[in-house]
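This report concerns only the one structure given below.
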Amino acid sequence: MQKLTLLLFFLFSFQTACAKDISDLPENKQTPQGLYVTASEAYELKSNNPDQVYFIDVRTRPEVEFLGMPSNADTNIPYMTNDLDEWDGEKNRFTKVPNSNFAVVVEEKIEEAGLNKDSTILLMCRSGTRSAKAAALLNQLGYSKAYTVVDGFEGDKAKEGNHKGQRVVNGWKNSNLPWTYKITEDKMYFE
């Protein structure tokens with residue numbers, strides 16, 4: 001009973017602490033439910049409650065394969081995928097399209113973990129935009145605690161100085177949180 005009380009206190013305290021002031025948060029990183037965490041807060045929450053918090057990396061498979069993944073992420077389920085038949089000349093990359101299987105795979109993985117739509121879910125992308133969209137979608141589907149990691153895996157771009165335009169401001173990697181290039185098959189997304 002004491003452990004349950006402590007866990008409930010921690011989760012309530014966490015939710016209160018994570019009700020961030022969004023006045024400085026860009027609109028593309030905001031969600032209707034207003035549930036935000038930083039990479040450091042996500043790491044702490046998942047580390048302290050590994051079986052009660054589900055952590056999804058929503059980046060594309062190539063991003064995960066070539067840039068690495070948080071060591072304590074449960075899975076990779078891309079919110080967007082690369083359309084290898086379409087080129088985005090403005091962004092100089094393949095066009096990204098929504099993953100039509102995203103919601104179905106999330107539901108399967110959540111159930112496999114013994115969790116439900118009221119469980120805490122952490123969503124992380126490169127810098128917080130796609131994870132915000134994924135969190136908003138999950139909220140529409142009835143997931144009550146879908147948090148977006150606002151600074152993502154690589155963080156935001158520096159606005160000035162020697163590193164202007166580089167992702168060196170915040171994020172998982174820049175916070176020196178544990179991550180790995182050694183991704184296991186069981187964590188990867190398969191269509």
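The values are calculated or read from the model by the stated rules, or taken from the named source; none is laboratory data. None of these values were measured; they are calculated from a predicted model. Cβ sites come from the backbone with ideal geometry, for glycine too, and all protein chains shown count toward neighbours.
Below are the figures for this structure:
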| item | result |
| --- | --- |
| Failed criterion for residue 150 (all others in (1) farther than 20 Å from residue 36 by Cβ; (2) in contact with a Phe, Trp or Tyr (Cβ under 6 Å, 6 or more places away or on another chain); (3) of a type in the set (Val, Ile, Thr) hold) | (1) |
| Residue count for the stretch 52-90, restricted to those that are surrounded by fewer than 19 Cβ atoms within 10 Å (Cβ to Cβ), among the charged types (D, E, K, R) and either closer than 13 Å to residue 189 by Cα or in contact with a strand residue (DSSP E or B) (Cβ under 8 Å, 6 or more places away or on another chain) (or both) | 5 |
| So residue 75, is it without any contact (Cβ under 8 Å) to a residue 24 or more places away in the chain and closer than 18 Å to residue 183 by Cβ | no |
| Residue in the stretch 105-114 that is without any contact (Cβ under 8 Å) to a residue 40 or more places away in the chain and closer than 20 Å to residue 35 by Cα present | yes |
| Output for the stretch 22-42, where each listed residue is touching a residue at least 12 places away in the same chain (Cβ under 8 Å) and in a helix (DSSP H, G or I) | 22, 28, 29, 39, 40, 41, 42 |
| Given (1) surrounded by fewer than 16 Cβ atoms within 10 Å (Cβ to Cβ); (2) modelled with pLDDT of 95 or more; (3) touching a Ser or Thr at 6+ places or on another chain (Cβ under 9 Å), number of the condition residue 176 does not satisfy | (3) |
| Condition check for residue 158: among the hydrophobic types (A, V, I, L, M, F, W, C) and either at pLDDT 95 or above or within 21 Å of residue 33 (Cα to Cα) (or both) | no |
| Scan of the stretch 122-178 for residues that are more than 19 Å from residue 30 (Cα to Cα) and in contact with a Leu (Cβ under 9 Å, 6 or more places away or on another chain), ordered by number | 173 |
| Single condition residue 167 does not satisfy, out of (1) more than 17 Å from residue 68 (Cβ to Cβ); (2) surrounded by fewer than 20 Cβ atoms within 10 Å (Cβ to Cβ) | (1) |
